[in-house]
1. On a C-alpha basis, how far is the centre of the range 326-382 from the centre of the range 102-134 in Å? Whole number, if you could?
2. Apply 1/(1 + (r/R0)^6) to the Cβ-Cβ distance of residue 220 and residue 155, taking R0 = 30 Å, and write down the FRET efficiency to the nearest 0.05.
3. How big is the range 175-259 on each of its three principal axes, counting only the C-alpha atoms and giving the largest first in Å?
4. Could you sort the peptides 404-410, 420-426 by per-residue average Cβ neighbour count (10 Å cutoff), highest mean leading?
5. Okay, helix-only estimate at 222 nm for the chain: each DSSP H run of n ≥ 4 adds -39500 (n - 2.57), divide by all residues, round to 500 deg cm²/dmol; what do you get?
6. Dipole of the chain (Lys/Arg Cβ +1, Asp/Glu Cβ -1, origin at the Cα centre): which of 208, 97, 418 lies farthest to the positive side?
7. So if each residue of separation counts as 0.36 nm, and I subtract the Cα-Cα distance between residue 428 and residue 345, what length gain in nm does that give?
8. Tell me the angle of helix 205-218 to the major Cα principal axis of the chain, expressed in degrees between 0 and 90 and rounded to the nearest ten.
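Where a number appears in this text, it was derived from the coordinates with a stated rule and is not lab data. From a predicted model like this one, the values you see are computed outputs, not experimental measurements. Glycine gets a Cβ as well: all are built from the backbone with ideal geometry, and neighbour counts include every protein chain shown.
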Amino acid sequence: MREGVAAALRLAEGAALPDVLDTGDPAAWLELDEGVRAVEWSGPSAHGWERSADERALLAALAAGDPLSDARLAVALCHRDGRVRHRALGRVAGRPALLPLVVVRCTDWAEPVRARARDRLTEALDAVTAAPLAPLVRRLGDRHRGDFAMGLLGDVLRRAPRERLAPLLASGDRTVRRFAYGLAVEEGFLSAAELARAAARDDDAVVQTLCADAALTSVTHDTAAEVLDALLGARSPQARSAGVTALRRLDRPDRAADFLADRSALVRACARYVLRQHGTDPLFWYRARCAGAADPVLPPGAAIGLAECGTRADAALLWPLLDHPAPGVRARAVAGLRTLDVTDVRRMWRMLDDPAPGVVRETTLALLPSAAGLPERELLRRLDPARPRWVRVSAWRLLYAHGEVVRLRAAVALLGDPDERLRTRAEAVVRSALRWGVGSRSEPEVVRLLVRGRALLG
């Protein structure tokens, strides 16, 4: 609102629209619409509210049909009085700079204003103006009465040359891209290969799924290779999983084996599904790969994949991987043992000192259910500020799960810690203990901890 008020004041002083607000930002127009109404009244008088001199001059110019700049007309288009807005809409023809405010007025609460704005937008919206207005139209589409402009935009783009849709497909606004790709799929503007490349390239999961499904729906024998290469090589798990699943329908199940060790659990599951549908048990592949614990190129996904479809007996293949030179393999091996519910505290304890943060994080998750049985003194020692941050966070999580008194002990020790995030978590624990108590507040140690915590918190 503050930016809208500032913009409204500058426009009233005669500043040009491009100098006042970012005309390509939908939010700037909506803030201006609110800002104008917030600054129009000059103040109370003996006869009620009195118009300012600028406002009286603007209304006189509108009534007389005098020439008005885009800036002055923009103020009139946002005026609190519906009759002024209605009159201003009669002056917008041939002023493309004001079309965003015409779009805003298409959702106006006053029916005459709304009807005139829709007439003006219908006259002005074409293949050239549609793309720049699309982000604002799409944003207003979620408002009450926002469906008219959305429908009009869709109709114009359906009739426009295909290249007019390109800026929307590359828009930085993901809701605009979703709208544009939905329209492209509905009208068949893009080939299967183009859709597959879009699914692989876009960072929005909705666009990825929409384009991948559409690509696979329209794929033919001649385009199958290009579509699959784009999807299977995508960074997005959604796109890769769609490509892997399609291998079954396209009768190319052998390629699914290449994704059994994918970094994504979704893709690994799809690969196993495809292979099973063609009579191949992926468990044998996982066991064969993980049997070579010294294999320097063992993919991390093989270790967790074995746990995802194996049995507790397969833990024997995962334990040696805790010493693998690749941090990713060690981390996935720990995660696999946790998945199989095979947690040996004695054998896993040493992994809390692993130099790789990912390994320590997975080990912490595996040991959390057994936190009450872990040596408290060793964990407290790991809170030392000289230790790596991931080691300290791990120790805090395990101490937190240890029990109420131990949690309070660790929290008081961290109240003066240089790490802001750890200190904030500790403060929350101490404040909660001071308010609600911990165990028996009569225990001497608890009393001492609460007194010290209160003093450190000030």
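1. The range 326-382 and the range 102-134 have Cα centres separated by 61 Å.
2. Details: r = 30 Å, r/R0 = 1.01.
After rounding, the FRET efficiency stands at 0.50.
3. Result, largest extent first: 38, 24, 15 Å.
4. 404-410, 420-426
5. On the way: 28 runs with 292 residues, N = 458.
Helix-only estimate at 222 nm: -19000 deg cm²/dmol.
6. 418
7. Separation in residues times 0.36 nm, less the Cα-Cα distance, equals 27.0 nm.
8. Value to nearest ten degrees: 90.
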